[in-house]
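We did not get these values from a lab; they are worked out from the coordinates using the rules stated. Owing to the predicted nature of the structure, the values given are computational and were not obtained by experimental measurement. Note that we place each Cβ from the backbone using ideal geometry, even for glycine, and neighbour counts take in every protein chain shown.
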Amino acid sequence: MKVKELHVQDRLAIAVTSMQRCGEKIYLGLTGGANILAEYDTSREELLVHHDVFPWIGQRGYCSKIHNALGALPDGSLVLGEGNHFTWDGIPVTVNYFNHELPESMLQRKRDQGYPEVCYTDFCLENLQGWQRSRTDRGGRILRYYPEERRGEVAAWLPEYLYTQSLIVDSTRERGFGHTIPDNHFFFVDFKEKSLRDFGRISDYAHHNMLITPQGLCYGAWLDRADQTLKLFRFNPEDESFAYLNSLILPEIGPKIAGNQGVDEWIVTRSGRIFVGTVAEARLLEFFPATETFQPVAVLGQGGRVTSMSEDEAGTVWITAGYPHMRLFAFEPEDNLIQDYGQVNSTYQRCYFHCGCCCNGRLYLGETDCFSPSLHIIDLEELRHTQKPVLVRA
């Protein structure tokens, strides 16, 4: 597959963990230091880094992140949810964690980008001795950022010790919905009022991202530990009600893959149909909000994960799925047709994507978890003309 790969040139940036398209520009939320945001201009084909967006990170010795927490508001400002480079236990990543999750050989990719001296401890703590949560990690901000002015202002603070693990933005109504690390709390933000309300712990982690319907409702997933089923929750911002539903997403939540479990990604197409991808077995389901039920569509890829679903100008949904080597699928919802265009990148020992979007006939994918914050760019018309896909049975 012909792919153009561009790297975010910043020593401390190690992953693309959010993406937001605004017109001809694509903003990338990173896992990194204070320079936590990058911008790609699709018309100029230029990738640049915004400096000191999170200046309070300083030299604390481990990364921050914008993780599934980058949105836009009508005035052109961006919403950035401050995450943290925590494990699922809610403590900072250490060398011991990296040794198990990211082989040191992967650091070579960062060294090849022009940073030959980097080592694990540029991005994480050696160990937790000496770390004091109450001194360095008192809780995260929701930042409203004006990219043209390079200026940010705090829209809201999260409760003490909590950081943003996801934040989806309803641009029309100027609202946001998120969940936290640690402890998986659900929270609601009103950007007009500059207010945030915490609704407490949902359950064990059961989703990588949430959904906003065209009607403004928020849906996500919760884990019923009684039988390990994956179920749906609904939040109605009009009366601020959080409802645990008995609607079944999966009869068994399935294993963790790259740390994630349950629901991976959602998409609302321009026609109003809603689809969801799961971590386990990379299942694609259709969601019907009127009945709050799900219908299986297909199983994609091997190894699990459905991390991005991006609709192009013609209505095709381009899906990245499979782990540790992601494949690219073209889904035609109206025809119930899925085609597999193969592995996106065969150069690296692992290459998977956190997010994606389409713009002017091209697909943009943000690579993650390989010490290589890169943007993969695919010309979709060229792909269709040069690569023969394999039909996936729906």
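List Ser77, Ser374, Ser171 from most exposed to least, where exposure is judged by having the fewest other Cβ atoms within 10 Å. It would help to have the intermediate numbers written out before the result.
Details: Ser77 22, Ser374 26, Ser171 14.
Ascending number of Cβ neighbours within 10 Å: Ser171, Ser77, Ser374.
Read phi for every residue in segment 207-218 and hand back ³J(HN,Hα) as whole Hz from Karplus 6.51 cos²θ - 1.76 cosθ + 1.60, θ = phi - 60°, with x for Gly and Pro.
Calculated HN-Hα couplings, in order: 8, 8, 7, 10, 10, 10, 7, x, 7, x, 7, 10 Hz.
Report the net charge of residues surrounding Gly342, where surrounding means a beta-carbon distance below 15 angstrom and charges are Lys +1, Arg +1, Asp -1, Glu -1.
Neighbourhood net charge equals +2.
I'd like the Karplus ³J(HN,Hα) series for segment 279-296: coefficients 6.51, -1.76, 1.60, θ = phi - 60°, whole numbers in Hz, and an x wherever there's a Gly or Pro.
Each residue's phi maps through the Karplus curve to give 5, 5, 6, 6, 7, 10, 10, 9, 10, 10, x, 4, 10, 6, 10, 10, 9, x Hz.
DSSP loop (so not H, G, I, E, B), at most 11 other Cβ within 10 Å: list which trypsin sites (Lys or Arg not before Pro) in segment 227-276 pass both filters. Intermediate results must be reported in sequence, preceding the final value.
Working: sites: Lys231, Arg234, Lys256, Arg270, Arg273; in loops: Lys256, Arg270, Arg273.
Sparse-neighbourhood loop trypsin sites (Lys or Arg not before Pro): Arg270.
Please name which of Gly216, Ala243, Thr229 has its Cα lying farthest along the dipole of segment 214-271 towards the positive end, using unit charges on Cβ (Lys, Arg +1; Asp, Glu -1) and the Cα centre as origin.
Thr229
List the residues whose amide H sits under 5 Å from the amide H of Asn68, counting only those 5 or more places along or on another chain, with H placed 1.01 Å from N in the peptide plane.
When sequence neighbours closer than 5 places are left aside, the close amide H contacts are Ser18.
Once the other residues with Cβ under 9 Å from the Cβ of Phe188 are scored (Lys, Arg +1; Asp, Glu -1), what is the net sum?
-1
What would the Debye formula give as log10 I(q)/I(0) at q = 0.10 Å⁻¹ for the alpha-carbon point model of the chain, no solvent?
-0.61
Which shape class applies to segment 202-272: rounded if a/c is under 1.5, otherwise prolate when a/b exceeds b/c and oblate if not, where a ≥ b ≥ c are the square roots of the Cα gyration tensor eigenvalues?
oblate
Take every DSSP beta bridge with both residues inside segment 4-392 and express the antiparallel ones as a percent of the total, to the nearest 5.
Antiparallel: roughly 95 percent of the beta bridges in segment 4-392.
Tally Lys and Arg at +1 and Asp and Glu at -1 over the other residues with C-beta under 12 Å from the C-beta of Leu158: what net charge comes out? Numbers along the way, then the final one.
Numbers: positive: Arg138, Arg141, Arg197; negative: Glu82, Asp137, Glu160, Asp183, Asp198.
That sum, taken over residues with Cβ under 12 Å, equals -2.
Quick check for you: which residues of segment 42-62 have the amide N under 19 Å from the point 7 Å beyond the Cα of Gln9 toward its beta carbon?
42-53
Can you tell me, using C-alpha contacts under 8 Å and at least 6 residues apart, the relative contact order of the chain as a whole percent?
14
As a footprinting exposure proxy, order Met1, Met210, Met106 by other Cβ within 10 Å, with the fewest listed first.
Starting with the residue having the fewest Cβ neighbours, the order is Met1, Met106, Met210.
Once you order the gyration tensor axes a ≥ b ≥ c over the Cα atoms, which shape class does segment 251-394 get: rounded for a/c under 1.5, otherwise prolate or oblate by comparing a/b with b/c?
oblate
Multiplying the sequence separation of Asp379 and Lys192 by 0.36 nm and subtracting their Cα-Cα distance, what value in nm do you get?
On the way: separation 187, 0.36 × 187 = 67.32 nm, distance 3.86 nm.
In short, 63.5 nm is gained.
Taking the alpha-carbon centroid of each part, what is the distance from segment 18-70 to segment 97-121 in angstrom?
Between the Cα centres of segment 18-70 and segment 97-121 lies a distance of 20 Å.
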